[in-house]
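Take a look at the structure set out below.
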Amino acid sequence: MPTIVLAFGLVLPPLPQSTRSALPHAVRAGRLVLGWGPDPIWSDLEIATIDDAAEGLKAITVAAPDAVEGYTTGGQYVLLRDPGAEKGAPIAIASAPSAGSPLEFLVKEQPPSDWSPGTGWLTGASAGSALQMSQVMGSGFLKTADALEGMSDVLLFAVGSGISPIRATIESGALKGKKAHLYFGCRTPELMSYQDKFDAWREMGVDVTPVISQPDGTGWEGATGYVQDVAAGAGVDAPKSTAILVCGTKGMFEGVKDFAADNGVPEDKILSNF
């Protein structure tokens, strides 16, 4: 089975063989057992706001004051489900931990599958709609307090809604004092969310290079191609003291790993949010 990649902001690792074979039958007693992390503890909540974030993407906020205590670092996630549903969809938190409640999510509509209920029920909802949310899960990108110790440079790679936990990390202040550069890719400009935040991120010390892979007919005049190839053209100034944060598709993740190897960045400094 290939790496599981959720296009609404969370990248999950390959499952161990025992979990893979059990996964279709892993829902029991009304709980979702994913094979990693704790069992969810569900809270009955409702959507506070829902707005268009880009073509096919929704910015959704949920007032969840009780969950905020467990949210400490960018890249963590929750499970969201339609009340009464057996399964929950894991979705990364887009707002920074310091922002408190409501929590913000960037959600792309996804069809249901054997291991996920999809997100159409959520992206098609409206403010005031009921939902159930788990406690905050995962250890995020920076799994230890010293994860970036000795790192002078940080490269961030995101495609599509994978920008969600990257945004949370930037706005958390965790990269303060680092030379940081974000490469954010989408197929077309209309699919690129958070364009209104780029200037603020630059003011926080993060260079931002938006990259479009299918620019024909869009009028796009910026960087084109794949994020890892654009980064390769810029080079890596200090590979042994560079960390990479990455969230996106399997193909991009593998491309970033190749980019890191080609430029001398240690593999253990490639940090994902799982």
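The values are calculated or read from the model by the stated rules, or taken from the named source; none is laboratory data. The structure presented is a predicted model; accordingly, all values stated were derived computationally and were not measured. Because the Cβ atoms are built from the backbone with ideal geometry, glycine has one as well, and the counts that use them run over all protein chains shown.
Of the residues making up segment 179-197, one or more are surrounded by 15 or more Cβ atoms within 10 Å (Cβ to Cβ), β-branched (Val, Ile, Thr) and over 26 Å from Gly138 (Cα atoms).
Return a yes/no flag: does segment 230-248 have any residue that is more than 22 Å from the chain's Cα centre (by Cα) and of a type in the set (S, T, N, Q).
Checked against the condition, which is being more than 22 Å from the chain's Cα centre (by Cα) and of a type in the set (S, T, N, Q), segment 230-248 yields at least one hit.
Across segment 51-103, which residue is modelled with the lowest pLDDT among those that are among the charged types (D, E, K, R) and farther than 24 Å from Ala145 by Cα?
First, pick out the residues of segment 51-103 that are among the charged types (D, E, K, R): 51-52, 55, 58, 66, 69, 81-82, 86-87.
The next check asks that each one be farther than 24 Å from Ala145 by Cα; those that pass are 51-52, 55, 58, 81-82, 86-87.
Details: Asp51: 98, Asp52: 97, Glu55: 96, Lys58: 97, Arg81: 95, Asp82: 95, Glu86: 88, Lys87: 85.
For segment 51-103, the residue satisfying everything is Lys87.
Among the residues of segment 97-123, those that are out of contact with any Leu (no Cβ under 9 Å at 6 or more places or on another chain), without any contact (Cβ under 8 Å) to a residue 60 or more places away in the chain and not in a loop (DSSP other than H, G, I, E, B) comprise Leu103, Glu104, Gly120. Taking segment 83-96 as the range and being in contact with a Ser or Thr (Cβ under 9 Å, 6 or more places away or on another chain) and part of a loop (DSSP other than H, G, I, E, B) as the test, the residues that pass are Lys87, Gly88, Ile93, Ala94, Ser95, Ala96. Name the one entry in Leu175, Leu103 that is crowded, with 23+ Cβ neighbours inside 10 Å and assigned by TED's automatic domain parsing to the domain that holds Val227. From the options Leu175, Leu103, the qualifying one is Leu175.
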